[in-house]
Structures are given as structure tokens and as C-alpha cells.
Amino acid sequence: MESQVMVLGAADYVVFALVLLVSAGIGIFYAFSGNKQKTTGEFLMGGTQMKTVPLAISILVSFMSAILILGTPAEMYREGTQYYLYTFGLIGAIGVSTLLYVPLLYPLKYTSSFEYLEKRFNSRAARLTGTSIMIVQQVIYMGVVSVAPSTALEAVTGFPTWATIITIGLVATFYTHLGGMKAVVWANVFQGVVMLAGVLAIIIRGTYAVGGLSEVWRINEEWGRIQFFDFNPDPTVRQSFWSLVIGTAIAWSHTYGLSQATVQRYCALPTLRQARLSVILNIVGVILLMTSVCLAGIIMFAYYAQKGCDPLSDTKISNPNQLMPHFVMEVLGYPGLPGLFISCLFSGALSTMSSSLNALSAVCWEDFFKPVLGDRLTEAQETLITKLLVLFFGAADIGVSFMTMHLGGTILQVCLSFTGAATGPMLGLFILGAFFPWANWIGAVVGGVLGLVFPLWISIGAYTVVGTPSSLEYPTNNCSVPNSTISMATTMSSNLTTVQGPVEYTGISTLYTVSYLWYPAIGAATVVGVGLLVSAMTGMNRVGDVEPRFLVPFLYRRCLPEVVRTPRRCLPEVVRTPRGCDTEGSGPDDKEKAPASGYVSRTRCC
């Protein structure tokens with residue numbers, strides 16, 4: 001059966017166009033207001049005088065994209081409520097980041113987070129290793145984020161995939177290129193409101209159609225969908241308590257504490273307290289958004305259970321990524337509401353892409369161009385280069401989106417598999433530097449490369465190996481195709497269930513069956529393990545070689561002996577001073593007056 005294509009009305013296109021115009025208008029506004037983005041500090045960091053709440057919202061929606069809106073409800077629909085535990089992994093990651101990583105990087109005030117790696121390991125190679133991994137990860141991530149709404153909308157509305165990809169790419173590039181950090185942050189705030197409004201509209205209308213939340217819960221319980229705690233320690237289980245909570249916390253601790261997009265934002269705030277608050281406030285946003293999209297998933301299942309026909313089984317749609325748009329076009333039958341949902345998807349994609357473009361232009365300028373050209377160019381020329389970098393990566397995103405259009409599986413798993421494989425080694429590099437003072441730059445470089453190659457190899461191999469079929473049942477009694485056809489259609493609808501029954505894998509193929517949620521942990525562990533081993537083989541750092549400001553505050557305050565907390569040599573520009581005071585100080589003799597929180601420069605307070 002052909003997928004049913006729904007027709008959008010004039011009101012839907014008006015709502016959609018308004019969202020795009022407002023996003024673009026924010027970029028135009030900041031291009032001609034204030035300092036008019038004439039300096040790299042203004043363009044990349046917003047002049048370091050941003051507000052806490054808008055930045056917190058910007059951090060949230062930078063990573064809660066269209067993938068969240070499409071993939072999470074589909075995951076809940078297909079696999080039950082266990083995925084909601086992912087929320088607690090995110091909360092754990094935010095807590096770890098606030099306690100450990102924000103206090104580490106904020107006082108350093110680096111535009112590029114990877115400058116930390118160069119200073120800590122005293123090696124430009126270590127810095128460029130991290131930068132290169134980040135570029136690979138972000139370009140892939142932007143491509144997948146753009147494809148997410150594109151393929152889904154084409155299936156249910158007929159809106160061409162290529163047109164969606166180009167629209168998202170051009171609009172995000174346009175306002176990021178013109179307005180810099182300020183435009184990205186305020187556009188993110190607006191897009192976050194649109195995303196929440198779209199999801200709430202789905203929840204309210206869907207709940208009404210089913211007959212109330214109690215009925216939604218009863219139907220899901222009846223079909224065996226209400227299940228939260230699977231404590232199976234087997235890492236090849238696709239989702240368990242351990243992978244959803246521990247694996248997620250490991251992966252997202254990099255996102256909320258160490259990723260370029262996040263560091264760039266909280267370092268744009270005037271105080272450490274505000275920086276930490278901007279990250280911790282994400283707990284509220286994560287609970288709200290994750291609860292909403294997960295609730296939308298079980299509402300969607302209850303609706304089709306009442307109808308007696310799963311759209312995937314009836315072949316009305318071809319893959320799980322189209323479940324939510326198909327449900328919206330059936331249920332949100334009021335003028336403008338389908339347009340609001342489409343705007344919701346576009347807002348998710350735009351917020352993520354613009355944040356990535358801003359981050360990529362910052363690291364490429366700081367890590368590649370500035371060391372070579374910084375002394376030869378005027379401020380205006382430097383800013384021009386950063387804006388041209390936005391255009392370059394915007395074009396790269398559109399190209400990668402066309403390349404990733406035909407990947408199978410849920411968009412959620414595609415995203416978490418490939419970007420998670422690159423997130424792990426970046427996290428590992430920072431852990432190696434911040435927690436292990438004896439690790440050297442050779443260990444960081446070798447560990448970083450192997451930490452990227454190993455999980456990326458597993459994630460690519462996983463697409464050649466079939467996973468375990470879902471054991472959950474789907475409603476098919478009222479479908480319009482014969483049961484034999486339904487069985488075949490259901491099997492073909494997911495790359496996870498292309499064979500019937502369990503399959504035994506041995507040897508190296510077993511690696512490919514490891515849950516995609518463990519990829520970041522595997523990458524990080526590889527970097528740390530290999531990094532420490534190579535450091536031991538090539539000569540570890542001596543005690544005191546690493547300045548305490550490059551170690552996590554908790555470590556050098558509580559765990560290391562005093563000899564490690566005190567540098568072996570005192571550099572003229574680094575003195576121990578009380579926080580909050582610009583004072584000349586006189587070196588280590590001032591330590592009685594200073595807290596053990598670290599060092600600050602003579603001219604800038606931490």
C-alpha cells in the first residue's frame with residue numbers, strides 16, 4: 001500500500017513561514033544592533049555579557065533537536081516506556097558537569113575548549129586531535145539532524161526531502177552568519193518555545209482522542225508497554241537500566257560540560273556562579289521535554305491500539321521515523337496545528353545546526369587560522385574569516401545531509417550511534433588531562449585516535465549485523481492488508497528485525513551487537529586506557545609538571561598531596577590570589593591568603 005500523503009492548508013504554511021522569518025529576523029537584528037558583530041569576541045562569544053536563562057535554554061535546545069521530537073516518541077511506541085530512564089542519565093550528566101567540568105574550564109576563559117588540551121599537555125598536536133574529532137562529530141550530527149525532519153515530512157506531506165534539507169541549511173546559516181552568538185542564543189530561545197508548543201499540542205489533542213491519560217496508561221499496560229527496569233548487565237542488550245542511565249550519563253557529561261557549544265555559552269557569562277547555574281537549569285528543561293516527548297509516544301501507541309492497526313504493519317508509512325508526523329496529520333486536524341508541528345521539527349533542526357555552526361567556526365578560527373594568521377590580520381578581517389567559516393560549514397552540512405538520507409533504522413539510533421562514537425574520545429581526552437596528571441601528550445594523541453577509530457568501527461559494523469527482534473506485539477486486527485503481508489511489512493519496517501528469532505554471533509561479530517548506548521563509554525575508556533599505557537611507555541609527567549588549574553578542582557583540593565598542588569616552578573604571570581580580586585600578588589608566598597581553588601593571572605580574575 002502507498003503511504004498516505006496529507007495536504008497542508010494555507011494556515012499551516014503561514015505558521016511555518018512565520019517561524020522561519022522570525023528566526024532569520026533575529027539574525028538581521030543582531031547584525032545591525034550593538035557592536036554589529038564587528039569583532040570575533042562579539043561574534044563568537046556575544047561580548048561575554050550574556051544572560052543566564054537565555055543561555056540555559058540555548059544549551060538545552062542545542063542538543064534537544066528534531067531527533068528528540070521524532071525519535072523518542074517512536075522509541076517509546078516500539079519498545080515501551082523503559083527509554084524514559086534516559087532522562088535520569090541526562091540529569092546525572094548535568095550534575096557531574098556542574099560539579100567538575102564547569103569549574104575546570106570556566107576560569108580559563110578559552111574561546112575554543114580544545115585550547116585546554118594544548119595548555120594541559122603542552123602540545124599543539126593534542127589540541128588538534130580533539131579539534132579534528134569534534135569537526136567530524138559535528139558535521140555528521142548536523143547532517144543527521146537536517147535529515148530527521150526531511151524524510152519524515154516527505155512521507156506524510158509530500159514536501160520534498162531536498163527542499164527541507166536546503167531550507168534548514170540556508171536559514172540556519174543565514175542568521176548565524178549575520179548575528180553570531182547573540183542571534184543563535186535568542187533564536188534558540190524562540191525555537192525552544194515553538195518546540196514545546198508543538199509537543200504540548202500533540203499531547204493535548206492525542207490524549208483527548210484516546211479518552212484521557214488514564215486510558216492511555218491502561219492500554220499501554222494491557223499491551224505490555226509499561227516496563228522501566230531491566231537490570232540485565234549484558235552489554236549487548238539494546239537498552240537496559242545500566243546503558244540508559246550509566247551509559248547516557250557518561251556520554252552527556254561531555255555534552256553539558258566539555259563540548260564546544262556548551263563551553264562557548266557558559267564562558268560568555270560574567271561569573272562562575274552564573275555559568276554553573278546555566279548548566280544546572282537544564283535539569284528542568286530536560287525533565288519537561290523528555291517527559292513530553294515520551295508521553296507523546298505512549299499516547300500515539302494507545303491511539304493506534306484503539307484503531308486496531310499499527311501504521312508500520314499496515315505499510316501506511318515505511319519506517320519508524322514517520323510515526324509522529326503520520327500521527328499528527330491524523331489527529332491535529334485543525335488549521336495551523338500541522339503547520340505548528342512542522343515548525344516544531346524545523347525549530348529543533350535549526351537550533352542544533354546554528355549552535356553547531358557557531359561552535360565549528362569558533363574552533364576552526366582559534367585552532368587552525370588564528371595561530372597562523374592572527375598577528376597579520378585586522379579585527380575586521382578576523383571576523384570576516386569566522387563568518388566565512390559559518391558559510392563553509394553550512395554548505396558542508398547540506399552536503400552531508402544528502403549523503404545520510406538513506407541510512408536505515410530509527411533516526412534516534414543513527415544519531416546516537418555515530419555521534420556517540422565521536423563523543424567518547426573527546427570526553428576521554430579531557431578526562432585523561434583533568435584526572436591523570438602523569439599522562440603526557442603522546443598518550444593523549446595516540447589514545448584520542450584509537451578512541452575514535454574503535455567505537456566508530458563498531459558503529460559501522462553494527463549496521464551489517466542484525467539485532468534482536470522486538471518481543472512486543474503491535475495491533476493489527478483492523479489493518480487493511482492480510483496478516484501474512486502484515487508480518488512481512490513489520491519485519492521489513494525496521495533494520496533491527498530483518499530476521500525471525502534470535503541469531504548467535506561469535507568472534508569479532510559479537511562486538512557489533514554491543515548496545516549503541518555504550519559507544520561513548522567505549523571511546524572514553526579506550527582513550528584513558530591507551531593514553532595511560534602509552535604515557536607509561538614514553539615517560540610519564542613528573543609530580544608538579546602540570547599546573548593545578550588544569551586539573552579538576554575536586555581532585556587537587558581533596559585527593560592529591562600538597563606537593564602536587566604546589567607547582568615546582570613559579571611562572572611570573574601566574575600567582576595565587578583570592579578569587580574576585582585583581583591583585584599583583586607575589587607568588588607562592590601568598591598562599592595563606594588564597595583559597596586552594598587555583599591560580600589566576602595578574603590581569604584577569606578567575
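Assess whether Val171 counts as being crowded, with 19+ Cβ neighbours inside 10 Å, in contact (Cβ under 8 Å) with a residue 40 or more places away in the chain, closer than 24 Å to Gly420 by Cα and in the same structural domain as Ile385 (by TED's automatic domain parsing).
No.
Return the pairs, sorted by first residue and then second, in which the second residue is of a type in the set (Val, Ile, Thr), the first residue lies in the range 221-245 and is under 20 Å from Pro520 (Cα atoms), the beta carbons are less than 7 Å apart, and the residues are 6+ apart or on different chains.
Pairs that qualify, where the first residue is under 20 Å from Pro520 (Cα atoms) and the partner is of a type in the set (Val, Ile, Thr), are Pro235/Val514; Thr236/Thr513; Thr236/Val514; Arg238/Thr468.
I need a count of the residues in the range 306-325 that are crowded, with 22+ Cβ neighbours inside 10 Å and in a helix (DSSP H, G or I).
Final tally of qualifying residues: 6.
Taking the stated definitions as given, is Ser259 of a type in the set (Ser, Thr, Tyr), crowded, with 18+ Cβ neighbours inside 10 Å, within 22 Å of Thr72 (Cβ to Cβ) and assigned by TED's automatic domain parsing to the domain that holds Phe114? Reasoning before the result, please.
Details: of a type in the set (Ser, Thr, Tyr): yes; crowded, with 18+ Cβ neighbours inside 10 Å: yes; within 22 Å of Thr72 (Cβ to Cβ): yes; assigned by TED's automatic domain parsing to the domain that holds Phe114: yes.
In short, yes.
Which one is surrounded by the fewest Cβ atoms within 10 Å (Cβ to Cβ), of the residues in the range 192-246 that are within 18 Å of Glu473 (Cβ to Cβ) and among the aliphatic types (A, V, I, L, M)?
Ile226
Please verify whether Phe392 is in a helix (DSSP H, G or I), touching a helix residue (DSSP H, G or I) at 6+ places or on another chain (Cβ under 9 Å) and either free of Cβ contacts under 8 Å to residues at least 12 places away in the same chain or surrounded by fewer than 16 Cβ atoms within 10 Å (Cβ to Cβ) (or both), treating the condition exactly as stated. Working first, answer last.
Working: in a helix (DSSP H, G or I): yes; touching a helix residue (DSSP H, G or I) at 6+ places or on another chain (Cβ under 9 Å): yes; either free of Cβ contacts under 8 Å to residues at least 12 places away in the same chain or surrounded by fewer than 16 Cβ atoms within 10 Å (Cβ to Cβ) (or both): yes.
When the stated conditions are applied, Phe392 passes them.
Within the range 196-205, is even one residue more than 20 Å from Ile287 (Cα to Cα) and not hydroxyl-bearing (Ser, Thr, Tyr)? Quick ask: steps written out before the conclusion?
Keep residues of the range 196-205 that are more than 20 Å from Ile287 (Cα to Cα), which gives 205.
Pick out the ones that are also not hydroxyl-bearing (Ser, Thr, Tyr) and you get 205.
There is at least one residue in the range 196-205 that is more than 20 Å from Ile287 (Cα to Cα) and not hydroxyl-bearing (Ser, Thr, Tyr).
Just for the range 43-65: of the residues that are assigned to a helix (DSSP H, G or I) and modelled with pLDDT under 75, which one is surrounded by the most Cβ atoms within 10 Å (Cβ to Cβ)? Explain how you work it out, then say what you get.
First pass over the range 43-65, keeping only residues assigned to a helix (DSSP H, G or I): 43-48, 52-63.
Subset that is modelled with pLDDT under 75: 45-48.
Values: Met45: 22, Gly46: 29, Gly47: 17, Thr48: 14.
Looking at the filtered set, the residue picked out is Gly46.
So for the range 417-437 (the condition being modelled with pLDDT under 70, under 16 Å from the mean Cα position of the chain (by Cα) and crowded, with 20+ Cβ neighbours inside 10 Å), does at least one residue qualify? Before the answer, list the steps.
If we filter the range 417-437 for residues that are modelled with pLDDT under 70, which is where we start, we get 417-418.
With under 16 Å from the mean Cα position of the chain (by Cα) added as a condition, the list becomes 417-418.
Filter again for crowded, with 20+ Cβ neighbours inside 10 Å, leaving 417-418.
Checked against the condition, which is being modelled with pLDDT under 70, under 16 Å from the mean Cα position of the chain (by Cα) and crowded, with 20+ Cβ neighbours inside 10 Å, the range 417-437 yields at least one hit.
Here's the yes/no breakdown for (1) of a type in the set (A, V, I, L, M, F, W, C); (2) out of contact with any Leu (no Cβ under 8 Å at 6 or more places or on another chain); (3) under 30 Å from Leu55 (Cα atoms):
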| position | (1), (2), (3) |
| --- | --- |
| Val136 | yes, no, yes |
| Ile140 | yes, yes, yes |
| Thr151 | no, yes, no |
| Ile168 | yes, no, yes |
| Trp186 | yes, yes, yes |
| Val189 | yes, yes, yes |
| Gly192 | no, no, yes |
| Val199 | yes, no, yes |
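Would you tally the residues in the range 328-339 being part of a helix (DSSP H, G or I) and either touching a Phe, Trp or Tyr at 6+ places or on another chain (Cβ under 7 Å) or surrounded by fewer than 24 Cβ atoms within 10 Å (Cβ to Cβ) (or both)?
Within the range 328-339, residues that are part of a helix (DSSP H, G or I) and either touching a Phe, Trp or Tyr at 6+ places or on another chain (Cβ under 7 Å) or surrounded by fewer than 24 Cβ atoms within 10 Å (Cβ to Cβ) (or both) number 6.
Restricting to the range 1-41, and then to whatever is under 27 Å from the mean Cα position of the chain (by Cα), among the β-branched types (Val, Ile, Thr) and over 14 Å from Ser343 (Cα atoms), can you tell me which residue is modelled with the lowest pLDDT?
Thr40
I'd like to know if the range 88-95 contains one or more residues that are under 16 Å from the mean Cα position of the chain (by Cα), of a type in the set (Val, Ile, Thr) and either at pLDDT below 85 or over 19 Å from Ala296 (Cα atoms) (or both).
Checked against the condition, which is being under 16 Å from the mean Cα position of the chain (by Cα), of a type in the set (Val, Ile, Thr) and either at pLDDT below 85 or over 19 Å from Ala296 (Cα atoms) (or both), the range 88-95 yields at least one hit.
Can you tell which of Ala444, Ala396 is small (Gly, Ala, Ser) and modelled with pLDDT of 90 or more?
Ala444
The values are calculated or read from the model by the stated rules, or taken from the named source; none is laboratory data. Since the structure is predicted, the reported quantities are computational estimates derived from the model, not experimental observations. Counting neighbours? That spans all protein chains shown, and the Cβs are built from the backbone with ideal geometry, glycine included.
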